[in-house]
Amino acid sequence: MQILVTGGTGYIGSHTVVELQNKGYEVVIVDNLSNSQIEVLDNIEKISGIRPAFEQFDLSERDLTDAFFQKYSGISAIIHFAAFKAVGESVSKSLEYYRNNLVSLMNLLEGMKKYKIPNMVFSSSCTVYGQPDVLPVTEETPRKEAESPYGNTKAICEDIMRDYCKSHEEDINCIALRYFNPIGAHETGLIGELPVGVPNNLVPFITQTAAGLRDELSIFGEDYDTPDGTAIRDYINVVDLAQAHVVAIDRMLTKKSKANYEYFNVGTGEGYSVMQLVKAFIEVTGVDLKYKVVERRAGDIEKIWADTSFGNAELGWKAQKSLEETLASAWKWEKKVRGL
Ligand code: UDP
């Protein structure tokens, strides 16, 4: 079975490629390398022993996407990661975000119909819930208006899939996975998250500070309505998350889906505050991490974590790895990248 992984040299994509290969799937990656490096292919090969096929182009180019599907005629399913994902940048570059993220999805859906590829797993986000009124969030929790153009592209992409599935009951199946906060790296330390420039996300900022690239971590706000005043998120190990994609692919290929458009929360069900995470990192690694508390970051929500019971029961999947193990893997990766 051949699976197309778009964005397969990126952070979550590369881990998913390895997990697919571990389960015997053949992978072809499409990536324009706008936010990842070609060397990731070498490291995927080091882990799995198999070098995935690779094509470099931009999926928002309709003709190139069509030519790709003509060339690769044996694809059974698509996992679509390729997208712009920087929340802050999406505010100043909103048209680029809408064009890239929406048009790529539409080109793929068009190709699925034309070339008879029935299945797609889509990379969505818990950002579609905004700040929920009731916690934890289930799949029934209403979506809220997005805080950023990036978040809005995820909501609109979900709507595009829902509407397209409605009119293609016979030949199109989509599953949207709403990720909570993916962190950590592969246990080998060979693949992980490699942000360009100053990291926006908490764990890469922590590991870069620990590695001496940044002076000090800023904790954004300690006046939230949470036990220690810092914001709460549901941090999920990236390998656990990657395995959820394989399970979703299996579900579609073995025709276990209950509807041709489904969506699931993918988190651990546990919320940790920024301060708890920082303290856990210090404890696990023994590194004396410098941090200070500063003002809240604009656009941040106070707290969110997943109710995973529906996804766990339906998919037969559950996050396995502890926060400690996950933070240790993030640190191992950072040290490897920096040659420490
Ligand atoms: N955060 C922080 N310092 C940083 C980066 C993030 O205190 O340098 C906080 C952020 O305010 C949020 C949490 O860490 O409460 C997770 O942020 P991240 O950007 O990793 O993910 P988000 O939940 O915003 O998608």
Open item on the list: With N set to the number of residues, divide the alpha-carbon radius of gyration of the chain by 2.2 N^0.38 Å and report two decimals.
Closed with: 0.96
Open item on the list: Only counting other Cβ atoms within 10 Å, I'd like Ile78, Ile172 sorted with the fewest neighbours first.
Closed with: Ile172, Ile78
Open item on the list: Can you compute the charge dipole magnitude of the chain about its Cα centre, using +1 on each Lys and Arg Cβ and -1 on each Asp and Glu Cβ, nothing else charged? Give it in debye, rounded to the nearest 20.
Closed with: 580
- [ ] Using Cα centres only, tell me the gap between the stretch 195-229 and the stretch 283-340 in whole Å.
- [x] 11
Task: Modelled FRET efficiency - R0 25 Å, Asp66 with Lys93, Cβ distances, 0.05 increments - done: 0.40
- [ ] Go through Gly49, Gly13, Ile79 and say which Cα lies farthest out towards the positive end of the charge dipole of the stretch 1-80; charges sit on Cβ, +1 for Lys and Arg, -1 for Asp and Glu.
- [x] Gly49
Task: Cα-derived Rg over Rh, computed across the stretch 206-340 with Rh taken as Kirkwood radius - done: 1.04
- [ ] Calculate for the chain the 222 nm mean residue ellipticity that helices alone would give, adding -39,500 (n - 2.57) per DSSP H run of length 4 or more and normalising by residue count, nearest 500 deg cm²/dmol.
- [x] -12500 deg cm²/dmol
Task: Residue order, fewest to most surrounding Cβ atoms within 10 angstrom, among Ser329, Ser34 - done: Ser34, Ser329
TODO: Would you mind getting the Kirkwood hydrodynamic radius of the stretch 7-100 from its Cα pairs, rounded to one decimal in Å?
DONE: 14.2
Task: Likely footprinting exposure, Asp250, Asp225, fewest C-beta neighbours within 10 Å first - done: Asp225, Asp250
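Every number in this text was worked out from the coordinates using simple rules, so none of it is lab data. What you see is a predicted model, and the numbers here were worked out from it, not measured in a lab. Neighbour counts run over all protein chains shown; Cβ positions are idealised from the backbone, glycine included.
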